[in-house]
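**Q** I have a structure I would like to understand better, so I am pasting it below and will then ask my questions one at a time.
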Amino acid sequence: MASDSPKIRRLDEGTVNRIAAGEVIERPASAVKELVENALDAGARHIEIAVAEGGASLILVEDDGVGMTAAELALAVERHATSKLPQRDGADDLTQIATMGFRGEALPSIGAVARLVVASRTADSEAHAIALAGGQRQGPYPVGFRAGGQSGTRVEVRDLFFATPARLKFLKSARSEDLATQDAVKRLAMARPQTAFSLTLDGRKSLDVPAQEDPLARLTHLMGQDFAENAVAIDAGREAVHIAGYAGLPTYNRANAMAQFLFVNGRPVRDKLLIGAVRGAYADFLARDRHPALALFLSCDPAFVDVNVHPAKTEVRFRDAGLVRGLIVSALKQALDRAGHRAATTVAGAALAAFRPYPAPVRYPPPMAPSAAGSQADLLWQAPPALPVTPPPSSEQNTYPLGLARAQLHETYVVAQTKDGIVIVDQHAAHERLVYERMKQAMAKGTIAAQPLLIPEVVNLDPADVTRLCARASEFAELGLILEAFGPDAILVRQTPAVLGKLDVAGLIRDLADELAESAQALSLKERLEEVAGTLACHMSVRAGRRLSPEEMNALLREMEATPHSGQCNHGRPTYVELKLTDIERLFGRR
């Protein structure tokens, strides 16, 4: 009996091309990214991009790079043809990829699923054009491109995915596709500040970035002035790996990771290792649902990183992932340490935005002196009763960044006067950060003392929580918390950290159990200990509702000034808001 199983057969070239295109060109933004990378590899100093209907109907990329001869142009639309691989001993070297591209699939992949026209010329040759539609070469195509003596390439893509209608159905709205394209161009513009970029969406200029020599100027242009004012510089190296860039203060955070821009050897990536390292570095300062804003540029020997592990080249693989992760975490933490007690300038801006400034006051003429008769009208101009006179504050606050304490409001907020404004401090959030930093220092030195409980306390828990806590018993012991299993569903606490004094032991143990149940498995031991230290600090910090003496308030301010990261609590919220006199005057219409 003949077998009914399908016979193995070779796919036709058109199907192979469309499959390859599906791996490389996921959406219009993917095509734009590939074409712009080609322009950058060609040495372009000015790149113009135009998109219509989200890129489904038109994508146009024009550059002033070195261009291609007629022979090179014919090869450029062939699969597995590239100019981006160096050769060693007569063979292509996959370990020394120093270009934005490499895979050699962009033009033939686009030509397999769309109508593609590529026109190009070198500085000393005539312009030539070539056209593909659905993977098939088209007849002679009029060039109409570039004046003599000017090199460059012009790529026109129309009717994207017309040859693969199923893929076309998966495109999102034109606005969503435009946003993806804008993000792709923005990331490439960050990587190459010396190149000018312009992006036009449906006839509207959405991005126009001139060539800039200063990387921070390019980041400011694309990420905003607020980022530049609230970021710290990064510059560190380890062995053959170097990292540079700028990282936002913890109080300058976002609800998602869209403001995180990561680059490896000038290539924009969205790599899980790098994203995880960033999260680990900020885990000490941000709640799990908040994300930092930053732009980090990692450079290394091309042989140290494999950039060819993903068709879209968005992921990389490092030869020593641990070295890279450690470098990123340490570089970010050191930079944030140098920021001291700084909080984001946007904190005060957000506070001011909540108020509607009054209009400038009307200036009336000075009142007339009351008449001898003392009429009722005259009495209206009498001087009001004098307020109690308070001695002027000491000039001592001029020497302190956070000023001198003047009052406590609602037993929660400390108000201090500075040289040119006022500072309002959340006493609980500030003290929580201070205690946390003290505990981290003590933990690093192994000097956290424990105090025995007069009567050991039993805390009933779910068996799974008991197992998790007991598995970390040695870690808790380093923090001065001594516990052990008391049957399958209870924990016996024998000692607590001495710095905590009297506390709700059962509440603390349940909080720790919840943290362990929710914490990511990728966190290192040190990061786990720091998370636990944060919970302990919250339990022992000065609570809102406690009245502080002037000496206690000023001691809090002085310790904040001397403690790194005191500008934000352990969850990334600001511990203080500073208002300048000019801000206050605007609120009252004086400016």
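**Q** Name every residue in the stretch 260-281 that is surrounded by fewer than 18 Cβ atoms within 10 Å (Cβ to Cβ) and part of a loop (DSSP other than H, G, I, E, B), in order of residue number.
**A** If the condition is that a residue be surrounded by fewer than 18 Cβ atoms within 10 Å (Cβ to Cβ) and part of a loop (DSSP other than H, G, I, E, B), then Gly266, Arg270 are the ones that fit.
**Q** So, Ala429, is that one among the small types (Gly, Ala, Ser) and over 30 Å from Thr399 (Cβ atoms) or not?
**A** On the way: among the small types (Gly, Ala, Ser): yes; over 30 Å from Thr399 (Cβ atoms): no.
Criteria not met by Ala429.
**Q** Do we have Ala166 as assigned by TED's automatic domain parsing to the domain that holds Gly55, assigned to a helix (DSSP H, G or I), hydrophobic (A, V, I, L, M, F, W, C) and under 24 Å from Ala257 (Cβ atoms) here?
**A** Details: assigned by TED's automatic domain parsing to the domain that holds Gly55: yes; assigned to a helix (DSSP H, G or I): yes; hydrophobic (A, V, I, L, M, F, W, C): yes; under 24 Å from Ala257 (Cβ atoms): no.
The answer is no for Ala166.
**Q** With the requirement that a residue be crowded, with 20+ Cβ neighbours inside 10 Å and assigned to a strand (DSSP E or B), what does the stretch 402-450 give you?
**A** Answer for the stretch 402-450, where residues must be crowded, with 20+ Cβ neighbours inside 10 Å and assigned to a strand (DSSP E or B): Leu404, Ala405, Val414, Ala416, Val423, Val425.
**Q** I'm trying to understand the selection: among the residues of the stretch 196-220, which are part of a strand (DSSP E or B) and free of Cβ contacts under 8 Å to residues at least 24 places away in the same chain? Let's see the steps before the verdict.
**A** Taking the stretch 196-220 first, the residues part of a strand (DSSP E or B) are 196-201, 204-209.
Scanning the stretch 196-220 gives Arg204, Lys205, Asp208, Val209.
**Q** Looking at Leu469, Leu434, Leu409, which one is in contact with an Asp or Glu (Cβ under 6 Å, 6 or more places away or on another chain) and aliphatic (A, V, I, L, M)? Give the derivation first.
**A** Working: Leu469 fails: in contact with an Asp or Glu (Cβ under 6 Å, 6 or more places away or on another chain); Leu409 fails: in contact with an Asp or Glu (Cβ under 6 Å, 6 or more places away or on another chain).
None of the others qualify; the one that does is Leu434.
Let's see how each residue does on (1) under 23 Å from Asn570 (Cβ atoms); (2) crowded, with 18+ Cβ neighbours inside 10 Å:
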{"residue": "Ala211", "(1), (2)": "no, no"}
{"residue": "Leu216", "(1), (2)": "no, no"}
{"residue": "His221", "(1), (2)": "no, yes"}
{"residue": "Ala231", "(1), (2)": "yes, yes"}
{"residue": "His242", "(1), (2)": "no, no"}
{"residue": "Tyr246", "(1), (2)": "no, yes"}
{"residue": "Tyr252", "(1), (2)": "yes, yes"}
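**Q** Related question: Do any residues in the stretch 469-488 that are at negative phi and in contact (Cβ under 8 Å) with a residue 24 or more places away in the chain have Cβ atoms under 6 Å from those of residues that are buried (at least 17 other Cβ atoms within 10 Å of the Cβ) and part of a loop (DSSP other than H, G, I, E, B), where the two are at least six apart or on different chains, and which pairs are they?
**A** Qualifying pairs under 6 Å: Leu479/Ile448.
Results for (1) in a helix (DSSP H, G or I); (2) modelled with pLDDT under 90; (3) closer than 23 Å to Asn38 by Cβ, shown as yes or no for each residue.
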position: Asp284; (1), (2), (3): no, yes, no
position: Ala295; (1), (2), (3): no, no, no
position: Val309; (1), (2), (3): no, yes, yes
position: Leu323; (1), (2), (3): yes, no, no
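The values are calculated or read from the model by the stated rules, or taken from the named source; none is laboratory data. Worth saying up front: this structure is predicted, and the values here are computed from it rather than measured. When we count neighbours, we look across all protein chains shown, and the Cβ atoms used for this are built from the backbone with ideal geometry, even at glycine.
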